[in-house]
Structure formats: structure tokens, C-alpha cells
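The values are calculated or read from the model by the stated rules, or taken from the named source; none is laboratory data. Quick caveat: nothing in here was measured; it's all calculated off a predicted structure. Backbone-built Cβ (ideal geometry, glycine too); neighbour counts: all protein chains shown.
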Amino acid sequence: MSEKRHAIAPDRNREPILAVLQEVLPPAGTVLEIGSGTGQHAVFYADKFPSIVWQPSDVDADALDSIAAWRGEAALPNLRPPIHLDARAEVWDTEPVSAIVAINVVHISPWATCVGMLTGAGRYLLPGGAIIFYGPFLRPDRATAPSNLEFDAEMRRQNPAWGLRDIGVVAAVAESRGLTLDRIVDMPSNNIMAVFRRSALGLS
């Protein structure tokens with residue numbers, strides 16, 4: 001029986017995310033996707049960026065099986081087999097990469113995962129590379145939409161370690177890892193894309 005899973009959210013958000021990725025991803029290189037989930041995004045973006053090697057990953061075994069099933073069906077030459085990756089780990093199973101993408105990960109994982117992703121970006125991003133977060137965040141410069149407040153409360157009921165993160169706090173952690181907030185792009189349904197770039201001076 002196929003392990004392939006399907007979620008509605010990637011069908012809704014993949015095109016708006018694509019428009020931003022087309023602006024911020026390099027013309028070629030390797031992109032590490034953290035928390036690839038079902039694998040739908042990995043297949044979609046590997047197809048849209050044929051000159052980029054797309055490396056999906058997840059910490060969940062069932063997700064890895066689903067990603068592998070989507071990959072096998074798509075048969076894209078630039079889509080690598082998924083790897084197990086816990087962003088909180090000190091060492092990741094990857095070489096330096098041109099970009100890191102995490103879609104709907106920060107708010108449905110512990111804060112340590114967000115810190116781990118930024119720490120790993122400081123280690124594994126090539127000079128000038130970007131780590132790109134998509135999802136709902138708290139914004140110090142504007143009021144939070146009521147729907148996002150309700151969503152935050154619901155997530156915290158499911159798991160007290162989850163919840164919307166303050167993008168200002170995220171940016172401060174990023175800065176301490178040698179990453180600078182490049183841009184925030186408003187997205188549909190009160191989401192954003194936050195792009196942090198590593199210094200072009202080189203890896204530490």
C-alpha cells in the first residue's frame with residue numbers, strides 16, 4: 001500500500017509561496033527543505049526549479065515515507081530522497097546549501113526547533129544564502145488578526161510548546177547566528193514569508 005499522503009494546505013499556498021521563491025532563490029544550487037511533511041511542496045518546487053537540487057527532510061518517519069512516495073511518482077531528477085533531520089541537532093546530515101526553506105514549521109514545533117533551524121543556517125548556508133520561513137507570526141509593527149489569535153490558542157491547547165512566534169524575537173536570534181532579516185512578505189490568510197540572509201563574507 002502506498003504511504004503517500006495528501007494535505008489541503010500545500011494545494012492552497014504553493015503558488016503564492018512560489019512567487020516569492022522565484023524572487024529570492026538563486027538560479028542554481030541546493031535547497032534544503034526542513035519539515036517537508038507530505039512531500040507535496042518538495043515535488044512542486046523541484047518541478048518549478050529544474051536547475052535547483054531540492055533536498056526534502058523531516059523528523060517524522062511517516063512523513064519520510066510519504067515524501068518518498070511522492071518523489072517516486074514524480075520521478076524528478078533534481079529531487080533527492082528525503083533525509084531524517086531534527087533541526088535541534090548539533091550536526092545535520094547535509095553539505096552546505098544555497099538556501100533553507102521551512103513551510104509551516106515554526107508554529108507547530110517547539111521554540112527549540114526554530115532556534116535550531118537558525119543555528120543550523122548559520123552553519124550550513126553558503127555565503128549570501130537564505131533561510132526562508134513561511135507561516136503565521138506575531139508582528140511587533142501591527143495588530144495580530146483575530147483568526148491568528150484563535151489559531152495560536154488552539155495550537156497551544158494541542159501542545160503548550162507550539163504557538164505563533166514573534167518575528168522580532170526570531171530576527172534577534174537570527175542576528176546572533178550571523179543572519180540578517182532581508183525582507184518580510186505579506187501572504188494570503190495572514191501569513192508571511194520571512195527571508196534571512198547569511199553574510200556574503202563566508203561560513204564561520
- Search the range 26-45 for residues being more than 22 Å from GLY128 (Cβ to Cβ) and in contact with a Leu (Cβ under 8 Å, 6 or more places away or on another chain), and hand back the single one that is surrounded by the fewest Cβ atoms within 10 Å (Cβ to Cβ). PHE44
- Item | Test: residue in the range 23-41 that is over 18 Å from THR94 (Cα atoms), without any contact (Cβ under 8 Å) to a residue 24 or more places away in the chain and assigned to a helix (DSSP H, G or I) | yes
- Task: Considering every residue within the range 138-146, establish whether at least one is surrounded by 24 or more Cβ atoms within 10 Å (Cβ to Cβ) and not polar (S, T, N, Q).
- Result: no
- Query: Taking the range 55-86 as the search range and keeping residues that are within 15 Å of the chain's Cα centre (by Cα), assigned to a loop (DSSP other than H, G, I, E, B) and aliphatic (A, V, I, L, M), which one is surrounded by the fewest Cβ atoms within 10 Å (Cβ to Cβ)?
  - Reply: VAL59
- Does PHE196 satisfy the condition of being within 17 Å of ILE108 (Cβ to Cβ) and of a type outside the set (Asp, Glu)? no
- Filter the range 80-139 for residues that are touching a Gly at 6+ places or on another chain (Cβ under 9 Å) and of a type in the set (S, T, N, Q) and give the result. THR94, SER98, ASN104, SER109, THR113
- Message: Can you tell me which residue is farthest from ASN104 (Cα to Cα) among those in the range 148-193 that are within 18 Å of the chain's Cα centre (by Cα) and of a type in the set (Lys, Arg)?
- Response: ARG177
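Counting just the residues of the range 87-109 that are surrounded by fewer than 14 Cβ atoms within 10 Å (Cβ to Cβ) and not small (Gly, Ala, Ser), which one comes out nearest to ARG165 (Cα to Cα)? Spell out the reasoning first.
Quick first cut of the range 87-109, residues surrounded by fewer than 14 Cβ atoms within 10 Å (Cβ to Cβ) only: 89-91, 93, 95.
Retained after the next criterion (residues that are not small (Gly, Ala, Ser)): 90-91, 93, 95.
Numbers: GLU90: 22, VAL91: 24, ASP93: 27, GLU95: 28 Å.
The extreme case among them is GLU90.
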- Message: For the range 120-139, check the following and say yes or no: at least one residue is assigned to a loop (DSSP other than H, G, I, E, B), at pLDDT below 95, touching a helix residue (DSSP H, G or I) at 6+ places or on another chain (Cβ under 7 Å) and closer than 24 Å to GLU23 by Cβ.
- Response: yes
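For the range 140-184, give me the residue count where each residue is acidic (Asp, Glu) and part of a helix (DSSP H, G or I). Outline the logic, then answer.
So in the range 140-184, the residues acidic (Asp, Glu) come out as 141, 150, 152, 154, 166, 175, 182.
Those left that are additionally part of a helix (DSSP H, G or I): 150, 152, 154, 175.
Residues flagged as acidic (Asp, Glu) and part of a helix (DSSP H, G or I) within the range 140-184 amount to 4.
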